[in-house]
Amino acid sequence: WAPLPVAIPVVVVAAFLLLRLSENSKIKGDSAIALIASSSLAIGVTVISLASGQNADVYSYMFGSILAKKESDVYVSIALSVVVLILFIVFYNKIFAVTFDENFATATGMKADRYNLLIAVVTAVIIVLAMNLVGSLLISALVIFPALSAMQVIKNFKGVVICSAVISVLCALFGLLASILFSTPVGSTLVAADIVVFVVMAV
């Protein structure tokens, strides 16, 4: 795995490119995400293989490993988590306005593109922090499932945000504990915990 100081600037640039591609009338939403994600993964694995002189072990890239976390990565993750939390609290009203109705926010004079970029960068940083743990294939589930679960029982924005954060933390704790007890991969066990919570809340 590349160290976080290298990975974070790369994903910030990718987030910027993703926004610009999404604004292109010919490449929208899911297509832009697929383009950036697949291209980045293919280029990354190829470069690592060329640099090491042998085929890269893609299993850890796909599914992650908690053992891939170095002590320095833990400290960087804690610091960045605090920064992300502060940014979200400070710009909560702006983020809510852009998320709820971007056109209305723009009409009121808000620079929606700046806050869209902020959301994209924050999301990219969060993904990098969790990538070593769950891998590139499972990271989207780790980001999406808590919010989907919260939306099954809560209908207001602030409630969904708080509930999804609580679900994320609890699922992470139970997933880690379960992976230790049953000797299962950490990434897939965390996602399995999120799936169980989603099913329970959806019923």
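Report D for the stretch 124-203 in µm² per second (integer): Stokes-Einstein, Kirkwood Rh on Cα pairs, 10 °C, 1.306 mPa s. For the chosen part, D equals 125 µm²/s. Heavy-atom accessible area for Leu19, with the other protein chains in place and a 1.4 Å probe, reaches approximately 40 Å².
Projected label points at Gln152 and Asn103, each 7 Å from Cα along the beta carbon direction, are separated by 3.2 nanometres.
To the nearest 10, the accessible area of Ser188 is 50 Å² with a 1.4 Å probe.
Solvent exposure of Val83, expressed as accessible area, is near 70 Å², computed with a probe of 1.4 Å over the protein chains only.
The values are calculated or read from the model by the stated rules, or taken from the named source; none is laboratory data. As the structure is a prediction and not an experimental result, all values here were calculated from the model. With ideal geometry, Cβ positions are generated from the backbone for all residues, glycine too; neighbour counts draw on all protein chains shown. Keep in mind that these areas ignore ligands, DNA and RNA; they rest on the heavy atoms of the full protein, side chains included. Shrake-Rupley method; radii C 1.70, N 1.55, O 1.52, S 1.80 Å.
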